[in-house]
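> Pasting a structure here, questions to come.
The values are calculated or read from the model by the stated rules, or taken from the named source; none is laboratory data. From a predicted model like this one, the values you see are computed outputs, not experimental measurements. FYI the Cβ positions are ideal-geometry reconstructions off the backbone, even for glycines, and counts take in every protein chain you see. Side chains are part of the model used for accessible areas, which takes the heavy atoms of the whole protein and leaves out ligands, DNA and RNA. Shrake-Rupley method; radii C 1.70, N 1.55, O 1.52, S 1.80 Å.
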Amino acid sequence: MDALVVRRLGDPTLAPGGEASPFAPVTGDHSAPALASPTSVRVRVAATSLNFATYLQVQGKYQERPALPFVPGSDYAGFVDAVGPAVRRFRPGDRVCGLAAVGSFADLIVADEKQLFSVPDGCDLVAAGALPVAFGTSHLALVHRAQLKAGQVLLVLGAAGGVGASAVQIGKVCGAVVIAVARGTEKLQYLKTIGADHVIDSSKESIMESAKSFLKAKGLKGVDVLYDPVGGKLTQDSLKLLNWGAHILIIGFASGDVPIIRANIALVKNWTIHGLYWGSYFTHRPPVLIDSLNELFSWLSKGLIKIQISHTYRLPEAHLAFAALRDRKAVGKVMIVMGSPAKSRL
């Protein structure tokens, strides 16, 4: 089978097989993974998602560092290839999606059946492979942790990326007023099409001034929930917009700058600060995660949410996918598609 193997830590934007590349050449001589237990399912991957965590992981900058060599990748979708004797929910040929700590940048991956979800009829497999981490993160953050309510104001930073765009859509499903922050005209236009009530170009405008003007015009006092996958100065500016009793959702630090939130201000303002590491729910609260994903697939089948695929690449082109993510060219999700030519929107 084909697989993208990380042989050393390094820059994932370098082509596989190059002297300085972290990736070995993509070849078809890897052995198919065996079923690990009676409840194991082997999946033939159709598409797998590229997340910022994977970009960091290949460089050795993520909090979880798998032993070398390893195959990167997290959420994916495809067809059941083989099942263990105790598997009851799936059979060969079924359409499924799942998530893993590593391993989805390959033709085949093995997972326990409890880590897999049926893909509803009519749902595109590329879209299904893009859903778990991005939309799962935002759903748990907004619905489970912040308990976002209709009429509240949600401020989303990095809103045109995978998790940001999912947060905008989930915010609208919850009935919130959504302020979306991104960079560039194309991204702002996209955010309007998915329901953002107000968009701010952080490369040209002051977040504080633009948001305050919008809130004043709507007769609103401030922001009730801050969704932050960016960090840095954007976080510091956004804190000045928060209402008493606001929720702050710490999703990540795409800016590379971990912000400082002063505890004395949080005390006086009665803020609730949530750290959200989505993957750990499979270990600590699996029923919550499973219920969350089931609701998301229900929303997807009803057309309440839509998954924007920004770029697709084949496995040997994975370095180009990492470059698109690094350069913030994506408007939505970046995907690796197996066994077919890519449809890149670069």
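> State which residue pairs qualify: first residue under 21 Å from A182 (Cβ atoms) and inside the range 255-267, second residue polar (S, T, N, Q) in any location, beta carbons under 7 Å apart, and separation of 6 or more residues or different chains.
From the range 255-267, the pairs are P259/T235; P259/Q236.
> Six or more apart or on different chains, Cβ under 7 Å: which pairs go from a residue in the range 154-166 that's closer than 12 Å to R328 by Cα and not assigned by the TED database to the domain that holds D75 to one that's open to solvent by 10 Å² or more (accessible area, probe 1.4 Å) and of a type in the set (S, T, Y)? Could you list them?
That search, which allows pairs on different chains as well, returns A160/Y190.
> Scan the range 124-139 residue by residue and report those that are out of contact with any strand residue (DSSP E or B) (no Cβ under 8 Å at 6 or more places or on another chain) and surrounded by fewer than 24 Cβ atoms within 10 Å (Cβ to Cβ).
Selection gives D124, G136.
> Would you call S210 open to solvent by less than 70 Å² (accessible area, probe 1.4 Å), part of a helix (DSSP H, G or I), modelled with pLDDT of 95 or more and within 12 Å of L157 (Cβ to Cβ)?
no
> Being open to solvent by 40 Å² or more (accessible area, probe 1.4 Å), of a type in the set (V, I, T), over 26 Å from K172 (Cβ atoms) and not assigned by the TED database to the domain that holds L99 narrows it down to one of I273, I265, so name that one.
Answer to the selection: I265.
> Is there a residue in the range 239-247 that is closer than 30 Å to Q115 by Cβ, outside any loop (DSSP other than H, G, I, E, B) and modelled with pLDDT of 95 or more?
Checking the range 239-247: at least one residue is closer than 30 Å to Q115 by Cβ, outside any loop (DSSP other than H, G, I, E, B) and modelled with pLDDT of 95 or more.
> Oh, and also: Would you confirm whether or not the range 26-46 contains a residue that is without any contact (Cβ under 8 Å) to a residue 40 or more places away in the chain, part of a strand (DSSP E or B), over 18 Å from the mean Cα position of the chain (by Cα) and crowded, with 19+ Cβ neighbours inside 10 Å?
No: the range 26-46 contains no residue that is without any contact (Cβ under 8 Å) to a residue 40 or more places away in the chain, part of a strand (DSSP E or B), over 18 Å from the mean Cα position of the chain (by Cα) and crowded, with 19+ Cβ neighbours inside 10 Å.
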